[in-house]
Each structure stands twice: as structure tokens, then as C-alpha cells.
1. Restricting the search to region A:57-66, which residues are crowded, with 19+ Cβ neighbours inside 10 Å and within 12 Å of DNA strand C (Cβ to nearest atom)?
2. Considering (1) at pLDDT 95 or above; (2) surrounded by fewer than 19 Cβ atoms within 10 Å (Cβ to Cβ), say which one residue B:248 fails and leave the rest.
3. Hey, residue B:116 hits all of (1) within 15 Å of DNA strand D (Cβ to nearest atom); (2) of a type in the set (Ser, Thr, Tyr); (3) more than 11 Å from chain A (Cβ to nearest Cβ) but one; which does it fall short on?
4. Could you please tell me which pairs satisfy a Cβ distance under 6 Å, a separation of 6+ or placement on different chains, a first residue in region B:256-279 that is within 14 Å of another protein chain (Cβ to nearest Cβ) and aliphatic (A, V, I, L, M), and a second residue that is assigned to a loop (DSSP other than H, G, I, E, B) and open to solvent by 10 Å² or more (accessible area, probe 1.4 Å)?
5. Take region B:119-139 and flag every residue that is in a helix (DSSP H, G or I), away from chain A (no Cβ under 12 Å) and either at pLDDT 95 or above or surrounded by 15 or more Cβ atoms within 10 Å (Cβ to Cβ) (or both).
6. Consider residue B:169 carefully, then state whether it is in contact (Cβ under 8 Å) with a residue 24 or more places away in the chain and among the aliphatic types (A, V, I, L, M).
7. Can you report the number of residues in region B:33-71 which are more than 12 Å from DNA strand D (Cβ to nearest atom) and either within 14 Å of another protein chain (Cβ to nearest Cβ) or closer than 30 Å to residue A:119 by Cα (or both)?
8. One residue is enough: does region A:92-111 have a residue meeting the conditions within 17 Å of the chain's Cα centre (by Cα), open to solvent by 10 Å² or more (accessible area, probe 1.4 Å), of a type in the set (Lys, Arg) and within 13 Å of chain B (Cβ to nearest Cβ)?
2 protein chains.
Amino acid sequence: MSRKDNGQSSNGKRARADEASVERPSVGSVTLSDVARLAGVGTTTVSRALNHPDQVAQKTLKKVNQAIELTGYVPNQIAGALASRRSHLIAAIIPSISNTVYAETIKHFSKILRDSGYQVLLGETDYLEDQEETLVRTVLSRKPDGIFFIGINHTAICRRQLLVANIPVVETWDLTKTPLDMVVGFSHEEVGKAIAEYLLEKKISRVGSIWALDHRAQLRRKGFLETLAFHGINSKYVCDVSVPTNFGQGREGLTRLINEGFNGGAVVCSSDTIAHGVLAEAQTRGLRVPEEMAVTGFGDQTFAPFTNPSLTTVKFDRELIGRRAAEVLLARINDEKIEEYIIDVGFEIIERKST
Amino acid sequence: MSRKDNGQSSNGKRARADEASVERPSVGSVTLSDVARLAGVGTTTVSRALNHPDQVAQKTLKKVNQAIELTGYVPNQIAGALASRRSHLIAAIIPSISNTVYAETIKHFSKILRDSGYQVLLGETDYLEDQEETLVRTVLSRKPDGIFFIGINHTAICRRQLLVANIPVVETWDLTKTPLDMVVGFSHEEVGKAIAEYLLEKKISRVGSIWALDHRAQLRRKGFLETLAFHGINSKYVCDVSVPTNFGQGREGLTRLINEGFNGGAVVCSSDTIAHGVLAEAQTRGLRVPEEMAVTGFGDQTFAPFTNPSLTTVKFDRELIGRRAAEVLLARINDEKIEEYIIDVGFEIIERKST
DNA sequence: TCCAAAAATGGTAGCGCTTCCATAAATTTT
DNA sequence: AAAATTTATGGAAGCGCTACCATTTTTGGA
């Protein structure tokens, strides 16, 4: 049961290893030089057979592979990373893993990297800025070859740590003129603006809105309210809710708006989850959607087409963000030319029955 | 822009480093011995100051910490791991990151481990067994100090790899008499049985069911159908759907059952997501729930109380599974005594309006 | 005050791999 | 057939840290 049972046993280098054939590999940790001895080649050759097989003669390659097979050798990437100064690890800093929308981006981000021999080390900030600082420090001590962020807001210390680390960085889900390195996302202010314009087109001017206390949601809020104001509408029914957002906050949010005097028109929500709750609360209160009250969400989550009525929302390609982020990161790691350091993936309003 | 700009610059060991004070640390990679020289102590002492501060004199500790501060030293965990044979890395193998239910377990699992200085390396199998094999091999080459699985089904090769690796393993979300090492979960057959008994108690005997093609769902299916059979009910309306499950499959599933002649009673679903779809499809078809058709789900996801009507489902504590798994893993890593190698966290049926 | 025990510190040898360089083998060229 | 290339290989020096052990310093009792 002790984890040290046989940790050392393999290093009693066998006396006459050149008599390969029948030896039982000592369990625990076969090393590269065990394989080399068995194959009757140098360690360098085994290393090459593993990492640059094209530089090794066919015959030798076969011998080495046999030895690997026979011993059940598993390379020690830690040693490899130390020697080569390449960890083949990418750090991803995200607000929360249990929020599907982030998970979808990460899923595709990881997939592409995995196919290129990289693994992703996940760190959650739980939406806290100072948590991010600690996290980044921890993660940097693993010497990742690159780092991925959801969001573009980092403390000064955090930015400095990243600068010193001198590794490729990709920020996502938002846009900025001054990325740490590269950024893949879309403009949240534009989203807010687009929603406002969409409602204006529909001649809806009594508007309430519910926003998560989250950088990006607040940017959308800003774009939204400013656009309304620009068109002479001063929406006073605005309500903020904490992150992570949930269904209940939608119900509560609508209740608060109504208590403040809001009485129909449109409710704009900073997430589909909130909108879902608003829809439910509306139904409970006998408010007909969209006739008496239109509702919009954000994110086009899988349930959005299936709410009752189906939800008008803002769609953006989470998979694409993940993919593009992985691609540019890989390009930078491999010292390839990058076309664009700022990549806008855009968004669109999906009109359904709730408006 | 090149990542090699200054990778090496720090190693020109400064000639007279004992004149500490004003030197600007060379950017790129300050090493432990840089810190040691600046602090005027040996490398061993710096290492100890970092890892066992209680074994270092207060005065020395202060000098070292100042030097660390001054240089902006970030320990290289890769080197540390190689030397100490402790990676402080835990691998977690899960079917899919974008499935919230798994994410919740991982979230709490990670949290506890992070608090103990471990980081979690995530691997997704996409529900494929052979994918798991590759993944496990890859992940083992990072020399994790422990490994976490969702599920208890592993190929023979996979089991052998784990055995050879000789590290603590915790399997979760299911139960078995013969865990690889430790297991934290509940019996899915019992869940199936419990649902069947619940329906029988309600005198419902016309039953259809929709099951995901997933080990655990199939176990529930087995328990469910066997229990019904035991009570003389032979349910022929059974339908399997692919993983990952989604809303649409619920709609489709109910449609299929109805096309096969199913005409009300109860529909048992292997996930809340499917049940949600069934609910929607029932509404579309004008089937009243629960009067004409009862519906049950599994998982008690956040939306379950808010469907229309609210969903009767099976609840189990995903957070608890994550927490307990982390605890037993840590205990094993630290060579502590483990009370139980098989931990049953149980489940319960949550009755709502859909039945 | 002196000596034994305890506490603090440092030198050094790896951890298992990759990389540099040199050498050896195979191939081509003249 | 010898010289000039090209292709394969291996030795050895680290990568940056920790752990072992030995040594030095401090503490406390007789």
C-alpha cells in the first residue's frame, strides 16, 4: 500500500543487460537508459527514436520499439520538460468550470492542443480577481508553454508576472486594443448596442434589464444603456445580480423590476439562465410573453430553443473561440508568423418567440 | 516576440553576488541558487525556507524571503517534481467537461486538492473506452501523484497501466466490490430499482423509458427493468439514445415511444436533460403531465425544479463525491490510514409535480 | 563553565531526460 | 579506390531542484 514500495527498485541497474531477451522488467519505473541498454543503443538514440523517429535508422527504431514494448516503458515527461525547457503544458484560467459556456470553449481548446501533444492545466478563479493572481503564480511555477484566459481583466501584478514569464498568452471572450499578447473574442459593448437597436426596431421602449456583476456583462449593460439613452430612452429599471447566475435570480430579478414599477415592455437579461428564470416568473404571474413582455437572453445555450416560449438571444461561437485561441497559441509557440493578434469572432442575435 | 529572447540570460552567474543590494535581477529565469547567493545562504536552506519554513531560523527565513521578493523568484515545480518524485499533480479522467454534472464534481474535487497544494490535470474521454487508454498513458507520463476517474469501467490494458504506475486511484460515480483502489459513488442498479418501486407505489404500470448508451445509465436501466419484471410488469417501451444526451433526444425519444404504441402512464428518463425534452414534447402533443403521463429524470440538475411542471428526479450529491474522492486520495498520498475503500454516498428520489 | 543534545545549515549527488558536440558508419562523388 | 559528404550514433554535461548526510551553531542542563 505504501507508495514507496518499489519506487527505487528499478535502479538496481542489471548487471548484464546486454543479454536482453528474457529479463522481466523491474516494475515501478523503467527509465530511458533501461530501454537503451536492452536495445543495445545509447540513451540519445532512444530519446531520438521517441521524439524524432525520422532521424533514426529503421533497424534501430525497431530494436528500440521492441525494448519499449518489452519493458512497458513510460517516458517521464517531467524529466523531459526539465531538460528540454518545454513542458508541453498550457494553462487555462477560467472563471468557473461548472459553467457550461466556458466549458464548451475549453473543450475545443483542449482538443486541438491535445492533438498537438499539449495538455491543459485548468485553473478556476471563481470570478475573483485576486484569486487570479494566486492562480497565475501557482500555474507559472509549472512552466507552461502558453497561457489562456477567459476575459481581459488582470491586475497589474498579474500582468507583470505574465510579462516576466515571457510565454505566449491568449485572452478570450472579449476584445481589447491592448491585449497582453493575443486576443480572440467579440465586443460586449457592441452586443449591448445591438440588443438595444433590436428592441428599438421593434418599437419597444419600456425596458427593464437584469445584469450579472461580471466584467463582460457590465460592458454589455453599458453599451445597451448608452444606446438607449442616445435614442432618448432613459431606462430606470436596471438590476444587477451576483455571479454565477442561476435560474432563481431570473425570477427574483423580474420580481424586483416589477416592484420598482416596471410593467411590461421588454426585459433584457445578461444570460440565458437569467432569461429562463424571467420566463418562468412571467408565466407564474400570468404575464404573456412576448405579447405583454418581450425577453432576451445571451449565450444561446442549448436550452434556449426549448424554453416556453423559445428564447431570443445572442449567439456567439464558443467552439470557434476555443479553436482559434488554440491555433494562435500553437503558432506563437512554434514561432510561426501570426496574421492577426486581435481576432474578432463576432456574434448574432437569434430571434425566437420570446420577442 | 521570440520566446527564446532571454531564456538563457539569467545563467551568467553574477561574479560577486554577495554584494546583494542594488542588483537588478536578470529577467527570464531566476533560479533557486540565484536566491541563495543573494541571501547569502546555501541552496538547501532556500529550498527548506520554501517547503519546510518551520525548520529554518526566523532570521534566515527573513533574508531568504527578501531575496525572493527582490528577484521575483518563481520556483520551478518541474525541477522540484523531478528531484522529489512528487509532481503535486492529480489526473482526473472524465467523460466530458461540458457536462455540468461532471463539472460540479470536479470543481469541488479540485478545490480541496488545490488547498493542499495539488493541481488537477483534466482528461476527457468523450465517452470512449479506447480514448481512455491513450489518455491514461499520456497522463501517467506526467507522473501524477494520484488519479481520479468518473466511472469504474476500464479496459484490461488500462488497469494494468494503473497497477504498474502504483499510485492511488479513486473511481467515482459508481460502486463496485472490486475497485482498482478506492471508489466513491452509489449503486446505479439500486437507483433503477428505486424508480421502479416508486412508480409501482403510485400504481403506474404502463411504463416507457429512455436510456443513454452509457455504462451507468444502462445499469440503472437494468435495475429498473428487472424490478418491474419482478413485479410482473414487462415494459416493452424502451429506447436507447446516444451520449452526450441533449434536449432534442428527449423529444425524439418520446416520439419514438409513442410511435411504437406507448400511450401514457410514465416515462422514465436516464437524465434530467432527456426528461426536459420529454416534457416539452408532451406539451407540444397536448399530453398533460402528470395526469396523463408522469415523467422522471435523473441528476436533479439546477433546472429540474423549474421545468413545467417541475421534474421528479433522482438526486445525489455531486459535490460530496468530489470532496470525498479528494479526501481519500490525499489520505492515501500521505500514507494515512483509510477507513473505507468503498464509499457509498447514496441517492434519493425528489418528488415534484411531474409525477 | 563545560559538555551533550538539539537546531540550523550547507555540500553534493542525483532525479530522468535532452542537447551539444564529436565520432563512426554509410553513401555519394570524383 | 580515395576523398568528400551525408547520415547515424553515443558520451557527457547539464536542466533546477530536493534529499541525504555531515558539519556547524545554538541551547540548556549539570
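The values are calculated or read from the model by the stated rules, or taken from the named source; none is laboratory data. Keep in mind it's a predicted model, so treat the numbers as computed, not measured. Here Cβ is always computed from backbone atoms with ideal geometry, including for glycine, and neighbour counts include all displayed protein chains. In case anyone asks, the SASA skips ligands and DNA or RNA and just uses the protein heavy atoms, side chains included. Shrake-Rupley method; radii C 1.70, N 1.55, O 1.52, S 1.80 Å.
1. A:64
2. (1)
3. (1)
4. Here the result reads B:274/B:245; B:279/B:307, each pair linking region B:256-279 to a residue that is assigned to a loop (DSSP other than H, G, I, E, B) and open to solvent by 10 Å² or more (accessible area, probe 1.4 Å).
5. The first filter runs over region B:119-139 and keeps only residues in a helix (DSSP H, G or I), leaving B:129-139.
Filter once more, keeping what is away from chain A (no Cβ under 12 Å): B:129-130, B:132-133.
If the condition is that a residue be in a helix (DSSP H, G or I), away from chain A (no Cβ under 12 Å) and either at pLDDT 95 or above or surrounded by 15 or more Cβ atoms within 10 Å (Cβ to Cβ) (or both), then B:132, B:133 are the ones that fit.
6. Numbers: in contact (Cβ under 8 Å) with a residue 24 or more places away in the chain: no; among the aliphatic types (A, V, I, L, M): yes.
Here the answer is no, as residue B:169 does not meet what is asked.
7. Total satisfying the criteria: 2.
8. Among the residues of region A:92-111, at least one is within 17 Å of the chain's Cα centre (by Cα), open to solvent by 10 Å² or more (accessible area, probe 1.4 Å), of a type in the set (Lys, Arg) and within 13 Å of chain B (Cβ to nearest Cβ), which makes the answer yes.
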